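**Student:** Take this structure, written in C-alpha cells, and hold onto it; I'll ask about it next.
What follows is calculated from the coordinates using simple rules that are stated; it is not laboratory data. This one's a predicted model, so the numbers in the text were calculated from it and none came from an experiment. Cβ atoms come from the backbone with ideal geometry, glycine included; neighbour counts cover every protein chain shown.
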Amino acid sequence: MDQHPAPQTAAPSSPAPANRAHWTPAKQRRFLIALLETGTVAVAARSVGMSPTSAHRLRRRLAGTMFDRSWTWALTQHAERMADPFAPDRPPPAPSPAPQAGQ
C-alpha cells in the first residue's frame, strides 16, 4: 500500500507582543501627561508600559517635533510647580504652523 507522509504545516508563529514595543500617539500623550505630573522620565515611561531608554530614543527620533517641545515643556512646568506650587500654569506649547507651499 502506498503511504504518503502527511503534509507538514508551518509551526504557528508566536503572537506579536501586545503593542508594548510601539509608541502609539495615545501612548505618547499619556507619557507626556505622566511626565508633567512626575517630572521623571523613568516613571512616566513605565506608566505606559515602555522603558526610559525607548522614551529617550523616541525623543531623539522626533527631535524638533511637537512631542519633543512638549517633553521640554512638561519638565519645565513640573520644575516650576515644585519651586512654586501656587504659581499659575503656563499654557502648553503651540504647534508650529505648517510650511506654506512654495516656501
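**Student:** In Å, what Rg and Dmax follow from the Cα atoms of the stretch 25-82?
**Tutor:** Here Rg and the maximum Cα pair distance are 10.3, 29 Å.
**Student:** Multiply the residue separation of R61 and T38 by 0.36 nm, subtract the distance between their alpha-carbon atoms, and state the gained length in nm to one decimal.
**Tutor:** 6.0 nm
**Student:** Let me ask something else. Which ordering of S96, S70, S47 is given by a fewest-first count of other beta-carbon atoms within 10 Å?
**Tutor:** In order of increasing Cβ crowding within 10 Å: S96, S47, S70.
**Student:** For the stretch 52-61, what does the Karplus curve 6.51 cos²θ - 1.76 cosθ + 1.60, with θ = phi - 60°, yield as ³J(HN,Hα) per residue in whole Hz, taken in order and with x for Gly and Pro?
**Tutor:** Result, rounded to whole Hz: x, 4, 5, 5, 5, 4, 4, 4, 4, 5.
**Student:** Moving to a separate point now. Taking neighbour counts of Cβ atoms within 10 Å as a proxy for exposure, in what order, fewest first, do L75, L35 appear?
**Tutor:** L75, L35
**Student:** Determine ³J(HN,Hα), in whole Hz, for all residues of the stretch 66-79 in sequence, where each value follows from phi through the Karplus function 6.51 cos²θ - 1.76 cosθ + 1.60 and θ = phi - 60°; x replaces Gly and Pro.
**Tutor:** Whole-Hz 3J(HN,Hα) from phi for the stretch 66-79: 4, 4, 4, 5, 5, 4, 4, 4, 4, 5, 5, 4, 4, 4.
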